[in-house]
1. As an exercise, identify the GluC sites (Glu not before Pro) in segment 116-171 lying in DSSP coil whose Cβ has no more than 15 other Cβ atoms within 10 Å.
2. Evaluate the charge dipole of segment 84-144 about its Cα centre and quote only its size in Debye, nearest 20, assuming +1 on the Cβ of each Lys and Arg and -1 on the Cβ of each Asp and Glu.
3. What's the local net charge at residue 158, with K and R +1, D and E -1, over the other residues with C-beta under 12 Å away?
4. Non-local amide H neighbours of residue 3 (under 5 Å, H modeled in plane, Pro and chain starts lacking H): which ones?
5. Can you give me the Cα centroid spacing of segment 187-234 and segment 112-171 in angstrom?
6. Given (1) 11.9; (2) 13.9; (3) 18.3, which label gives mean projected area of the Cα convex hull in nm² as computed from the coordinates?
7. Could you derive backbone 3J(HN,Hα) for segment 7-23 from the dihedral phi with the Karplus parameters 6.51, -1.76 and 1.60 (θ = phi - 60°), listing whole Hz in sequence and x where the residue is Gly or Pro?
8. Can you work out the Karplus-derived ³J(HN,Hα) for every residue in segment 206-222? Use 6.51 cos²θ - 1.76 cosθ + 1.60 with θ = phi - 60°, whole Hz, and x for glycine or proline.
Amino acid sequence: MDVTVFSDVEQLSRSAADYITRVAREAIAARNRFSLALSGGSTPKKLYGLLATEPYRSQIDWSKVEIFWSDERNVPPDDAESNYRMANEVMLSKLPIPDEHIHRMPAEQADRDAASLAHAHEIQRVLGTEGTPRFDLIQLGMGPEGHTASLFPHQPSLHEQQRLIMPVSVPKPPPDRLTFTPPLLNAAAHVLFLVTGAEKDDAVKAVLEGPYQPDEYPAQIVRPTNGEVSWMLDTAAAEKLSKQK
């Protein structure tokens, strides 16, 4: 696990953009495709804007990028709460990514079990596997209570071992969502956590330096069996770490 602390969101976002660019170029060189799952929340907004502008925009062959989301709220894609909407407005609409390479999670559908299964099959089709797909990079955030994607403390989703995508109802509005499950998260080649804000400093310390308690701090469950995890924090989020990296 690699942990880096930055003085502000600008520096953090630029380092994250450098990281994503490197992983994308390596994946495209090796497999002619880069599979990226985005997160929601406000933290990555600056990062997404950077990727859509120079010098990052021209460093990636966007025609070979496949975009997914690690979770989505049960709202229409044009809703202010939609993870898709934020990423589309700030980044995707400004990049030459083929429409068929942008795989929005259909969390607004009434039958969320069916939507979960259909989306899991879509990921398998795109990534070319009948088993657990291996994303090149999953970008995640973390909430003040230690949740990541839409895996919240003390929920059955933390113990899911079969499904890749599942519907959940979480203690944060809007409650109904679809989320990646632990098996899908832990199959990734790279996971990048971006965490900012003083309200998350207790959770950061617990997740990174405390005992393994994933039911209390779900972000701890992200431990890829054959991949790497990188954490990028601002100084406020890292305030309570025993030693700043």
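1. Those that pass, being in a loop and sparsely packed, are 130.
2. Here the size comes out at about 180 debye.
3. Net local charge, residue 158 excluded: -3.
4. Hits under the 5 Å cutoff: 231.
5. Measuring centre to centre over Cα atoms gives 16 Å.
6. Answer label, from the structure shown: (1).
7. For segment 7-23, the Karplus curve yields 6, 7, 5, 4, 5, 4, 5, 5, 5, 5, 5, 4, 4, 5, 4, 5, 5 Hz.
8. Karplus-based 3J(HN,Hα) across segment 206-222 equals 5, 5, 8, 10, x, x, 6, 9, x, 5, 8, 10, x, 4, 5, 6, 7 Hz.
Any read-out appearing in this document is the output of simple, stated calculations on the displayed coordinates, not a laboratory observation. What you see is a predicted model; the values in this text were computed from it and never measured. Positions of Cβ are backbone-derived with ideal geometry, glycine not excepted, and every protein chain shown enters the neighbour counts.
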